[in-house]
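Okay, so here's the structure we're looking at.
The values are calculated or read from the model by the stated rules, or taken from the named source; none is laboratory data. Fair warning: this is a prediction, and the values are worked out from it, not measured in the lab. As a convention, Cβ positions derive from the backbone with ideal geometry for all residues, glycine included, and neighbour counts pool all protein chains shown. In case anyone asks, the SASA skips ligands and DNA or RNA and just uses the protein heavy atoms, side chains included. Shrake-Rupley method; radii C 1.70, N 1.55, O 1.52, S 1.80 Å.
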Amino acid sequence: MCGIVGYIGTKDAKEVLLDGLARLEYRGYDSAGVALMEKDGTLSIEKQVGKIANLRNAVFRRFHNQCFTIGIGHTRWATHGGVTKENAHPHLSASGRIALVHNGIIENYMTLKQYLLKKGYTFVSETDTEVLVHLIEDFYKKEGNRNLQSAVMEALKVVEGTYGIAVVCSDEPYKIVAARNGSPLVIGIGEGEMFVASDVNALLPYTRNVIYLEDKELVVLKSENYKAYDLDYQRIDKEIVRVEWDLSAIELGGFETYMEKEIFEQPEAISNALRGRVHVEEGMVKFGGLNMTDDELREVHRIVITACGTSWHAALIGKYLIERFGEIPVEVDYASEFRYRNPILKKNDLVLVISQSGETADTLEALREAKRKGVKVLGMTNVVGSTIARESDGGIYLHAGPEIGVASTKAFTNQVASLILFAIYLGRLKNMSLYEGQRLLKELSTIPEKIKAILEQKSLIMDMAKKYSESKNFLYLGRGFNYPVALEGALKLKEISYIHAEGYPAAEMKHGPIALIDEFMPVVFIAPKDALYEKVVSNIHEVKARHGKVIAILSEKDEHVLKYVDDVLYIPQTFEEFSPLLTVVPLQMLAYEIARLRGLDVDKPRNLAKSVTVE
Ligand code: AGP
């Protein structure tokens, strides 16, 4: 959620840090700051509230003709303490010699703060992080002001909670010390230069050779080399991984926003998820990294899927898919509830965790809880090398490419596509016939083209957005496979347009939400031609009878309900099990256009972060 970037080398550190922070801005962005150091150890801090552009202007105004060879930067998403310059990172030690940036939460900060206050330290911020920088200085002084690495190590031994940190010290102006526990940190290896960041996106313009730090690992970066350690001072050999993502993949490429680009990338993203996995002739799906034998999968009695937010909506669709095709009972749990609920897991259970980022704290802890209980865990993530990907026993990568917009779009459709593949895979291990496998996979291969046809309706959706952009509330209704799509449509609208929206199973409307309906209430019905179509049509009549405004997502050529709806968006015909891949697209586009008309920054909606790495 917050972002870290650090640099040591021959380039101007302020340029590298500001560029890296801009690439991390999607993780959190209420304030940002940098600590810049000159060769002689002179340390300067600049912080600003608001977007990275504010920080960039301030840094270039103040240091326009200065060059720095080392620095650390941070973009913040507030947890402890309000959005102020004082609470922004980097935080400085009392002597002004040590600067630190931190992602995560120091859980025992109150106890540590009392200890430090008694020793005469004073605090200028309300953050938990400031405790850590004073603590490091305390150990630094004890060790005769000589060894930043061991001061950091000793401080981390008394800290409880999560951290990804980068620390510099003006007495040692040739190194950065970085460490991780629960907050991702990646080291970039260049020639005569080293980088550290919370996210590989920040490093891509400079290097593709990276090292992923594991929990309780620390690294000392100098411009020519790096050394990794555990917290007991033992050296560790780390594997250098080559990142394959293309830089152009994370740039805008002609679109005005990342969210729009990602909506329009969905046909290609789904093709990437299917490539190499779909074997129509054999009616089979093949996966590379499940790390479970077919016999082991046949023995699975129950699957528990756990996730957060949009990934949780995909998980709900996964339940319908796996129960129908794979014939295995599925439970879906919010990761934040699962981890504290003492879930009952038995020997033949399988846990599937779904996360675009692979770093969501609640989902990661749910995974760890499942592993502690001894069950196998599969991870479905987009970010290769993410913590969830590494800690799962096996998994399925989404292959959606980098998703930068805070509102998840192409990751969602790739999650659904991957769940379809997994469900068919399980089905073919059981009773699904060759013919049925072929039939399903053939249709699945047509989905990218069908999404393209929906994307062509952009101008129609823009007109519709104009009609409804001033509405105060929305209701989204769907049934069966499209009930989770109703939840997802409502979430998209809420998070980027700040309009209150609720998603509901259509038949539940009469048990409460129907009271909300009047002539000012737009109700979005997701009503493709499927087994429950007639029942949803009855719900449309119920809304119309109460003068609600009906926006309907219908299958092409459906004219049956036209006279009862105010606006319609057509989607191509497909199997009902695959319909969420199509029905969600106009909902993403509608939310997008409404938010743009309201003049909002869709890529960086207020209060939200792309990757929620605190609980
Ligand atoms: C999606 O639009 C949201 N911003 C959010 O709900 C997100 O899906 C959730 O935080 C989970 O993230 P993850 O998939 O990276 O774990």
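Restricting Arg275, Arg298 to those that are within 25 Å of Glu577 (Cβ to Cβ), at pLDDT below 95, assigned by TED's automatic domain parsing to the domain that holds Tyr435 and more than 16 Å from the ligand (Cβ to nearest atom) reduces the list to Arg275. Residue count for the stretch 56-76 under the criterion of being closer than 26 Å to Glu126 by Cα and in contact with a helix residue (DSSP H, G or I) (Cβ under 7 Å, 6 or more places away or on another chain): the result is 5. Among the residues of the stretch 399-417, some residue qualifies, meaning at least one is within 23 Å of Ser357 (Cβ to Cβ) and open to solvent by 40 Å² or more (accessible area, probe 1.4 Å). Is it true that some residue in the stretch 235-256 is β-branched (Val, Ile, Thr), within 30 Å of Gly9 (Cβ to Cβ) and part of a strand (DSSP E or B)? Yes: one or more hits. I'd like the full set of residues that are of a type in the set (A, V, I, L, M), in contact with a strand residue (DSSP E or B) (Cβ under 7 Å, 6 or more places away or on another chain) and more than 18 Å from Gly164 (Cβ to Cβ), limited to the stretch 19-56. Once the filter is applied, which keeps residues that are of a type in the set (A, V, I, L, M), in contact with a strand residue (DSSP E or B) (Cβ under 7 Å, 6 or more places away or on another chain) and more than 18 Å from Gly164 (Cβ to Cβ), the stretch 19-56 yields Leu36, Met37, Leu43, Ile45, Val49, Ile52, Leu55.
Being part of a loop (DSSP other than H, G, I, E, B), open to solvent by 10 Å² or more (accessible area, probe 1.4 Å) and either touching a His at 6+ places or on another chain (Cβ under 8 Å) or under 29 Å from Ile447 (Cβ atoms) (or both) is the filter here; which residues of the stretch 582-611 pass it? Listed by number, the residues that qualify are Asp603, Leu608, Lys610.
Any chance the stretch 14-35 includes a residue that's polar (S, T, N, Q) and open to solvent by less than 20 Å² (accessible area, probe 1.4 Å)? Yes, the stretch 14-35 has at least one match. When the residues of the stretch 556-566 are narrowed to those that are in contact with a helix residue (DSSP H, G or I) (Cβ under 8 Å, 6 or more places away or on another chain) and surrounded by 18 or more Cβ atoms within 10 Å (Cβ to Cβ), which ends up farthest from Ser469 (Cα to Cα)? The qualifying residue farthest from Ser469 (Cα to Cα) is Val561. Just give me the residues in the stretch 375-385 being within 17 Å of Phe412 (Cβ to Cβ) and open to solvent by less than 30 Å² (accessible area, probe 1.4 Å), in sequence order. Listed by number, the residues that qualify are Gly379, Met380, Thr381, Asn382. Scanning the stretch 584-601 for residues that are among the hydrophobic types (A, V, I, L, M, F, W, C) and more than 11 Å from the ligand (Cβ to nearest atom) yields Val584, Val585, Leu587, Met589, Leu590, Ile594, Ala595, Leu597, Leu600. If you go through the stretch 185-203 and keep only what is open to solvent by 10 Å² or more (accessible area, probe 1.4 Å) and touching a residue at least 40 places away in the same chain (Cβ under 8 Å), you end up with Ile189, Gly190, Gly192, Glu193, Asp199, Val200.
Of note, Ser170 satisfies the criterion of being surrounded by fewer than 24 Cβ atoms within 10 Å (Cβ to Cβ) and under 19 Å from Leu17 (Cβ atoms). From the list Val384, Val351, Val375, the lone residue that is in the same structural domain as Ala273 (by TED's automatic domain parsing) and farther than 28 Å from Ala269 by Cβ is Val375.
When the stretch 242-286 is filtered for residues that are under 30 Å from Asp349 (Cα atoms) and open to solvent by less than 40 Å² (accessible area, probe 1.4 Å), the ones remaining, listed by number, are Ile270, Ala273, Leu274, Arg277, Val278, Gly283, Val285.
Within the stretch 303-323, residues that are touching a residue at least 60 places away in the same chain (Cβ under 8 Å) have Cβ atoms under 8 Å from residues that are of a type in the set (Gly, Ala, Ser) and more than 13 Å from the ligand (Cβ to nearest atom) in these pairs: Val304/Ala370; Thr306/Ala370; Gly318/Ala423; Tyr320/Gly480; Leu321/Ala423; Ile322/Ala423, counting only partners at least 6 apart in sequence or on another chain.
Residue selection: Lys492 satisfies the criterion of being within 16 Å of the ligand (Cβ to nearest atom) and closer than 19 Å to Phe481 by Cβ. Mind listing just one residue for me: the one in the stretch 340-374 that is open to solvent by 10 Å² or more (accessible area, probe 1.4 Å) and of a type in the set (A, V, I, L, M) and, of those, farthest from the ligand (Cβ to nearest atom)? Among them, the one singled out is Ile344. Here Ile45 fulfils each of the conditions (1) open to solvent by 10 Å² or more (accessible area, probe 1.4 Å); (2) touching a Phe, Trp or Tyr at 6+ places or on another chain (Cβ under 9 Å) apart from (2). What pairs come out if I take residues in the stretch 241-263 that are more than 15 Å from Ala591 (Cα to Cα) and among the aliphatic types (A, V, I, L, M) and pair them with residues that are modelled with pLDDT under 90 and surrounded by fewer than 19 Cβ atoms within 10 Å (Cβ to Cβ) whose C-beta lies under 7 Å away, six or more apart or interchain? From the stretch 241-263, the pairs are Val241/Gly385. Of all the criteria given as (1) of a type in the set (Asp, Glu); (2) touching a residue at least 60 places away in the same chain (Cβ under 8 Å); (3) not in a helix (DSSP H, G or I), the one not satisfied by Glu577 is (3). Report the residue count in the stretch 411-431 for those that are more than 13 Å from Val383 (Cα to Cα) and either among the aliphatic types (A, V, I, L, M) or within 15 Å of the ligand (Cβ to nearest atom) (or both). Number satisfying all stated conditions: 12. Number of residues in the stretch 466-489 that are of a type in the set (Ser, Thr, Tyr) and within 15 Å of the ligand (Cβ to nearest atom): the value is 1. Can you tell me which condition Thr413 does not meet? The list is (1) under 19 Å from Ala307 (Cα atoms); (2) in a loop (DSSP other than H, G, I, E, B), and all the others hold. Failing condition for Thr413: (2). Among the conditions (1) within 12 Å of the ligand (Cβ to nearest atom); (2) in contact with a strand residue (DSSP E or B) (Cβ under 6 Å, 6 or more places away or on another chain); (3) at pLDDT below 95; (4) not acidic (Asp, Glu), Gly405 misses just one, which is (2). Of the strands (runs of 3 or more DSSP E) lying entirely inside the stretch 431-539, those containing at least 3 residues that are buried (at least 23 other Cβ atoms within 10 Å of the Cβ) and of a type outside the set (Lys, Arg) are 473-478, 522-527.
Of the residues making up the stretch 375-385, those that are at negative phi and more than 9 Å from the ligand (Cβ to nearest atom) are Val375, Lys376, Val377, Leu378, Gly379, Met380, Val384.
Annotation: of all residues in the stretch 306-339 being within 15 Å of the ligand (Cβ to nearest atom) and of a type in the set (D, E, K, R), the one that is surrounded by the fewest Cβ atoms within 10 Å (Cβ to Cβ) is Glu337.
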